[in-house]
1. Leaving out same-chain residues fewer than 8 places away, which aspartates and glutamates sit with a Cα under 14 Å from that of LYS122?
2. Taking the Cα atoms only, what angle lies between the long axis of helix 95-118 and the longest principal axis of the chain, rounded to 10 degrees?
3. Calculate, for the chain, the solvent-accessible area per residue in square angstrom, rolling a 1.4 angstrom probe over the heavy atoms of the protein chains.
4. Once you keep just the Cα pairs under 8 angstrom separated by 6 or more residues, what percentage relative contact order results for the chain?
5. Label TRP74 and ALA88 with points 7 Å out from Cα along Cα→Cβ: what is the distance between them in nm?
6. Projected onto the charge dipole of region 1-86 (+1 at Lys/Arg Cβ, -1 at Asp/Glu Cβ, origin at the Cα centre), which of PHE25, PRO44, LEU86 gives the Cα projection farthest towards the positive end?
7. Once both labels are modelled 7 Å past Cα along the beta-carbon direction, what's the ILE42-VAL111 spacing in nm?
8. First select every other residue whose beta carbon is under 14 angstrom from the beta carbon of MET127; then total the charges, Lys and Arg +1, Asp and Glu -1.
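The values are calculated or read from the model by the stated rules, or taken from the named source; none is laboratory data. This structure is a prediction, so every number in the text was calculated from the model and none was measured. Glycine gets a Cβ as well: all are built from the backbone with ideal geometry, and neighbour counts include every protein chain shown. The protein model used for the area step is the full one, side chains on, heavy atoms only, and it has no ligands, DNA or RNA in it. Shrake-Rupley method; radii C 1.70, N 1.55, O 1.52, S 1.80 Å.
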Amino acid sequence: MSNEITKEASQEQLLYAAILEKGMFLGLASMIITFSLYVFGIMPSVVPLGEVSNYWKMPVGKYLEAVNQNFLHWEHAPTGWAWLKLLAYGDFLNFVPVAILAGVTIMCYGVIVPGLFKRGDKAMGIMTLATALILALAASGLLKGGGH
């Protein structure tokens, strides 16, 4: 391994960039589509569009409690991945593109790991794999912290 600075991108960097670009466009297109379905009333929403602004000033926890109390009437407010049960509603379908955009980095890291090990860069391979696993674990909701 040399300390030379090169202007050429490695195969892993090119692969990472290609996946990131596709994921970004997928997330952006999904965001436009799901928001359109919501804002034009093509899909029903949990919170009526005319009442959304009443909830903007609330912190997320209070918002979810209010939405549950006023519209859902579930035993518990929809926290964590509970939004998946609400994908039939346009206001919660909008979470899908956010999840796509958040997950693209995890996928990018996961895809480049084999190439790093193949070219003998074990330290970077281990760090990249560990980063992907930590991000996936954090996104899973299995870790509870931060007072949420």
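1. GLU12
2. The answer is roughly 20 degrees.
3. Normalised by residue count, the accessible surface of the chain is 70 Å².
4. Relative CO of the chain lands at 30 percent.
5. So the label points at TRP74 and ALA88 sit 1.4 nm apart.
6. PRO44
7. Label at ILE42, label at VAL111, 2.7 nm between them.
8. -1
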